[in-house]
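Data block below; observations after.
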Amino acid sequence: MYHVPTAAVVSSPDAAPLEGGAGETGSAPRAATLHGPLAALRLIATSDLHASLMPYDYCANRPNLNLGLGAVSQQIAEARGEAQNCLLFDNGDFLQGSPIADYAANARRRRAHPVITAFNTLGYDAITLGNHEFDYGLRFLSQVLTDAQFPVVSANVATRLGKSPARDETLVPPFTILRRQIIDRAGRAHLIRVGVIGFAPPQIEEWDRDTPDGRVQTRDILAAARAWLPRLRARGADIIVALAHTGIGALDPDTGTENAATALAALPEVDAVIAGHSHQVFPGPDFPASAAVDPVAGRLAGKPAVMPGHSASHVGIIDLDLERCRSGSRRWRVVGASTRIGRRSTGPASATPALHQALAPDHRAALAWSRRRLGTTPTALHTQFATIAPCAALDLIAEAKAMHVRAALAGTGWEGLPLLSAAAPFRAGGRGGPLNYTDIPAGPLRMRNLSDLYPFPNTIVTLLLTGSELATWLERAATVFCQIAPGSTDTPLLAPEVPAFLFETIPQLSYAIDLSQPARFDAQGRLVNAETRRIVGLCHGDRPVRAEDEYLLVTNSHRAGRARLQDPEADLPVVFTDGARVQAVIAAHVQRNGPVAASPRRNWHFLPMPGTTVSFAAGDGAAAHLDDVADFRPIRLARDGAGFTHYRLHL
């Protein structure tokens with residue numbers, strides 16, 4: 001383990017900024033005072049790692065020296081070496097998201113989880129939980145955390161809710177106080193007590209409601225914060241850092257908001273915020289400026305804040321200027337701060353030797369697991385154009401889920417109802433970048449390919465829906481598209497504020513999407529245009545879907561929870577759930593049924609718009625699959641700064 005007995009590596013307090021600081025995006029003037037000794041404290045943070053650890057692309061089965069925590073471990077060491085007093089945090093969503101995580105969750109093993117091994121090795125000071133920590137169930141999470149050599153905190157996730165947030169039985173401690181030795185600018189040593197409190201999206205309660213081995217209960221982030229922060233201060237915390245696995249939203253949000261970082265920063269006890277969850281970068285151009293959000297200086301409600309991307313793409317750095325208090329219970333207070341984002345090096349960067357050595361056994365085991373052969377596919381399974389045309393990859397997901405549930409319901413009273421299955425392209429560009437696509441070539445199909453195709457450990461859930469509710473389901477999926485004016489030229493097709501993975505298709509239904517209409521729902525699934533509909537001609541077989549018809553829809557645990565959150569008044573009965581993970585269901589389907597289907601079902605399309613073109617941002621592998629969208633007569637336009645290639649499509 002890398003120990004940090006004081007607060008980090010000793011070096012000159014006037015050291016130069018982190019090299020490769022192309023990610024340095026803002027700073028604020030440092031305030032000075034003569035009232036007491038001055039010191040500096042650096043906070044270093046990662047967030048949304050999604051088990052991206054080693055410089056290896058398991059899905060592509062090749063090394064990638066620019067990938068994972070290993071690629072930024074040297075930068076973390078450099079950031080520590082530049083400052084005399086440092087703390088290292090992680091902001092959640094570390095346990096899921098890569099084949100090494102899938103291997104660790106499925107294998108019988110006695111070693112610590114590879115992510116915990118990495119955190120122990122690098123000497124993390126504290127972490128919080130994100131929503132994806134619950135994907136494998138509470139039993140697995142609890143077992144994983146027993147090996148952590150650092151505090152794990154979360155103030156709004158409980159196993160039992162009390163009469164008030166302060167009486168909740170939280171899953172892990174709501175906060176911790178790190179007692180560290182800090183060196184002031186005159187070289188004198190002092191004690192500082194840094195309070196660290198954690199928060200997660202309250203939607204976890206619904207997203208993971210169908211987890212087979214127990215449920216958690218959650219509080220609104222701000223309600224929990226208002227209850228616990230005064231107690232943290234009363235326990236003696238000089239400085240309070242909020243590890244907030246939540247996005248940057250409004251200063252006065254609705255109760256239960258998923259994006260509470262701005263409002264959290266406005267609470268008087270909070271000195272600094274590490275935000276996350278939305279996979280964005282702050283400070284930086286991802287966010288528009290407002291009275292409460294300064295995307296240049298890195299301020300939320302006037303407090304220093306960072307959001308360091310995802311998958312170890314960035315490291316967040318907050319430098320706090322502290323003054324020793326002459327009176328009162330607090331020993332230190334913040335008198336100035338600067339924030340910046342350190343981007344992952346553009347050149348090859350190997351993991352630090354200690355991290356490489358610690359993870360080597362798990363890396364070898366994950367490689368063997370990921371290379372297991374399951375079957376074959378006669379056609380490429382890719383998501384390069386999954387949001388604009390039917391694709392074989394989504395058909396495979398939907399078919400595997402449907403056959404699993406059909407077999408389970410055989411001989412029951414549900415057998416006579418039409419069985420449908422939804423599928424989504426989890427890797428379809430967007431904030432994940434131009435390499436964030438599934439692209440499995442024809443040939444052998446291995447476990448690593450399924451981790452690529454279906455990266456989440458969601459479980460099978462079957463809902464009973466009416467025809468009206470089915471139409472609503474597809475309307476929400478169609479929110480990913482911009483409204484297109486007839487006769488317009490090269491309007492962007494995909495709405496930038498809506499993640500592409502929210503798109504879904506149901507291959508057993510046929511329908512068209514009318515892009516000339518505004519979206520019926522917004523990015524959060526809220527009804528915004530009650531008079532408009534994009535889904536037209538919805539049919540099951542040759543029969544139009546009527547509002548009162550009943551269908552069984554096979555989805556997953558997360559989507560079922562999201563649907564309940566988006567429409568709490570709707571009755572969405574769960575007909576069947578057996579705890580089977582979708583990834584395992586697909587693997588069994590491929591092994592049992594041989595080669596997958598050679599071509600996708602052409603079950604949906606855009607309504608024709610003669611004389612109209614749109615611009616579609618595609619990944620690096622799209623050029624090899626242009627035949628799949630030949631009907632759009634694609635024309636390559638240009639490559640943008642993010643690395644996406646834009647094509648003109650004729651509607």
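Here, each number is a calculation from the coordinates, and none is a lab measurement. Predicted model only: the values in this text are computed from it and were never measured. Cβ: placed from backbone, ideal geometry, glycine included. Neighbour counts: every protein chain shown.
Fewest first, what order do 549, 542 take by the number of other Cβ atoms within 10 Å?
Numbers: 549 16, 542 6.
Ranked by crowding around the Cβ, least crowded first: 542, 549.
Out of every Cα-Cα pair that the range 21-366 contains, those further apart than 39 angstrom amount to 10 percent.
Roughly what % antiparallel, to the nearest 5, for the DSSP beta bridges in the range 21-366?
Numbers: 42 of 63 bridges.
Antiparallel bridges make up about 65 percent of those DSSP assigns within the range 21-366.
Positive end of the dipole of the chain (Cβ unit charges, origin at the Cα centre): among 304, 249, 651, the Cα lying farthest that way belongs to 304. A dipole drawn for the chain from +1 and -1 charges on Cβ atoms has a positive end, and of 463, 518, 176 the residue lying farthest that way is 176.
Beta bridges from DSSP with both residues in the chain: antiparallel share about 75 percent, rounded to the nearest 5.
Over the range 372-650, what portion of Cα pair distances is larger than 33 Å, expressed as a whole percent?
Values: 7341 of 38781 pairs.
Here the tail beyond 33 Å accounts for 19 percent of pairs.
Counting 0.36 nm for each residue step from residue 639 to residue 286 and taking away their Cα separation leaves a gain of 125.1 nm.
Taking the Cα centre of the range 372-650 as origin, work out the dipole magnitude from +1 charges on Lys and Arg Cβ and -1 charges on Asp and Glu Cβ, in debye rounded to 20. Let's see the in-between values first.
Working: 26 positive and 26 negative charges, 163 e Å.
With Lys and Arg at +1 and Asp and Glu at -1, about 780 debye.
Its Cα gyration tensor gives the range 601-651 an equivalent ellipsoid, and the semi-axes of that ellipsoid, as √(5λ) in whole Å with the largest first, are 20, 14, 9.
Given the options 408, 454, 396, identify the residue whose Cα lies farthest towards the positive end of the charge dipole of the range 362-481 (+1 on Cβ of Lys, Arg; -1 on Cβ of Asp, Glu). Checked the options; the winner is 454. Diffusion coefficient of the range 401-453 by Stokes-Einstein, Kirkwood radius over Cα pairs, 4 °C, 1.567 mPa s: 92 µm²/s.
Using +1 on the beta carbon of Lys and Arg, -1 on that of Asp and Glu, and nothing else charged, what's the dipole of the chain about the Cα centre, debye to 20? Present the calculation step by step, with values, prior to reporting the outcome.
Details: 62 positive and 61 negative charges, 364 e Å.
Result for the chain is approximately 1740 debye, rounded to the nearest 20.
Using the number of other C-beta atoms within 10 angstrom as an exposure proxy, rank 286, 93, 514 with the fewest first. Walk me through the numbers before you get to the answer.
On the way: 286 15, 93 26, 514 18.
Least crowded to most crowded, the residues run 286, 514, 93.
Taking amide hydrogens as placed 1.01 Å from N in the peptide plane, the amide H of residue 639 sits under 5 Å from those of 646, each at least 5 positions away in sequence or on another chain. Per-residue ellipticity at 222 nm from helix content only, as computed over the chain with -39500 (n - 2.57) for each DSSP H run of at least four residues, stands at -6500 deg cm²/dmol.
For the range 234-347, the percent of C-alpha pairs falling in each 5 Å distance bin, counted from 0 to the bin holding the largest distance, reads 2, 12, 22, 24, 17, 12, 8, 3, 1, 0.
Taking Cα atoms of the range 500-615, Rg/Rh with Kirkwood Rh, to two decimals?
Working: Rg = 17.1 Å, Rh = 17.3 Å.
Reported Rg/Rh (Cα atoms, Kirkwood Rh): 0.98.
Between the labelled values (1) 79, 61, 60; (2) 80, 52, 49; (3) 102, 68, 46, the entry that holds Cα extents along the principal axes in Å as derived from this structure is (2).
Quick check: the angle from helix 353-370's long axis to the longest principal axis of the chain, C-alpha only, nearest 10 degrees? Roughly 10 degrees between the two axes.
Estimated translational diffusion coefficient (Stokes-Einstein, Kirkwood radius over Cα pairs, 4 °C, 1.567 mPa s) of the range 559-631: 74 µm² per second. Going by neighbour counts of Cβ atoms within 10 Å, the residues 412, 121, 645 line up, fewest first, as 412, 645, 121.
To the nearest 20 Debye, how big is the dipole of the range 334-481 about its Cα centre, given +1 on the beta carbon of each Lys and Arg and -1 on that of each Asp and Glu? Write out the running numbers ahead of the final one.
Working: 14 positive and 8 negative charges, 149 e Å.
With only Lys, Arg, Asp and Glu charged at Cβ, the dipole is about 720 debye.
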